[in-house]
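Coordinate-derived values only; no laboratory data. Just so we're clear, the structure is a prediction, and the values are computed from it rather than from any experiment. Backbone-built Cβ (ideal geometry, glycine too); neighbour counts: all protein chains shown.
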Ligand code: NDP
């Protein structure tokens, strides 16, 4: 039996165990995927090995720590410096980031996007900003505080805090903050949000499984919008393919994982 888990704080809301276990069961793969509440991210590596895991996912707020704890980081995760998928390979911890490609698949339905505003500056914002830039889309970062902006300034993204931001026009506004995940807060002040919603063609909130105060505000407009479910599905398919070591095609994984959203 191969064991997997997702690490994060909070973690009780996570749909990943259902998604991955449905894939394992449908494909006849001997695997079991659990969730692990982890407040001290520095314990991630120790717990991964203590639990005898073959792979794991990492979510808020530990993706940057996970990057630092890997023996090797592959693909776009190297540029992002944040890891959401861990795979054990010959006793070594290999880190990947499937959020980036998963997000790009999820926003296909918005049509052509030339520029986007990202709310938040955490691990997810890093993944999305790099993915957008690699896809030829200009990304601007807006965060409530300046502490986490250093990475984006170093990567030459236009970066702002609430204090020095002036509204421009965007094809897409993306909420990557955890505001609304386990509280009732908006990711930006109400007046600024009202203004922004008249300067965008579409909106996506990467939080899934609940209607955030942010999406409630968006719903009052006629803007096209979506929550984080499609991104969750797409990043999960890519993570599952890594867990299964290339034994199954993306299409074979996609069918049961999509089905798990109906359970
Ligand atoms: P991090 O902890 O790395 O970053 C959180 C960000 O949110 C920071 O920029 C922080 O700002 C900001 N923030 C937190 N609370 C508030 C608030 N009340 N008001 C304004 N800003 C706030 O988180 P991640 O980037 O790892 O994850 C962010 C979200 O994305 C989570 O909700 C997670 O569930 C979701 N997610 C969804 C995925 C999907 O597949 N749908 C995939 C990945 C993530 P500051 O720097 O000022 O503290």
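If you check 95, 136, 111, 91, which single one turns out to be touching a helix residue (DSSP H, G or I) at 6+ places or on another chain (Cβ under 8 Å) and farther than 22 Å from residue 192 by Cβ?
One residue alone meets the criteria, 95.
Listed here are the residues, each with its yes/no results for (1) assigned to a loop (DSSP other than H, G, I, E, B); (2) crowded, with 16+ Cβ neighbours inside 10 Å; (3) more than 10 Å from the ligand (Cβ to nearest atom).
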| residue | (1), (2), (3) |
| --- | --- |
| 167 | yes, no, yes |
| 187 | yes, yes, no |
| 230 | no, yes, no |
| 236 | no, yes, no |
Practice item. Check whether at least one residue in the range 48-59 is part of a loop (DSSP other than H, G, I, E, B), more than 16 Å from the ligand (Cβ to nearest atom) and in contact (Cβ under 8 Å) with a residue 60 or more places away in the chain, and report yes or no. Key: yes
Study note, to complete from the structure: Considering residues that are exposed (fewer than 15 other Cβ atoms within 10 Å of the Cβ) and within 20 Å of the chain's Cα centre (by Cα), the number found within the range 19-41 is 3
Study note, to complete from the structure: Contact list, first residue from the range 164-177 and in contact (Cβ under 8 Å) with a residue 12 or more places away in the chain, second anywhere and assigned to a loop (DSSP other than H, G, I, E, B) and away from the ligand (no atom under 15 Å from the Cβ), beta-carbon distance below 6 Å, six or more apart or interchain, is 167/199; 169/199; 171/113; 171/114; 171/201; 172/113; 172/202
Practice item. Would you point out the residue of the range 245-260, among those that are touching a residue at least 60 places away in the same chain (Cβ under 8 Å) and under 20 Å from the mean Cα position of the chain (by Cα), that is farthest from residue 2 (Cα to Cα)? Key: 260
Point to revise | Conditions (1) free of Cβ contacts under 8 Å to residues at least 24 places away in the same chain; (2) closer than 22 Å to residue 109 by Cα; (3) part of a loop (DSSP other than H, G, I, E, B); number of the one not met by residue 216 | key: (3)
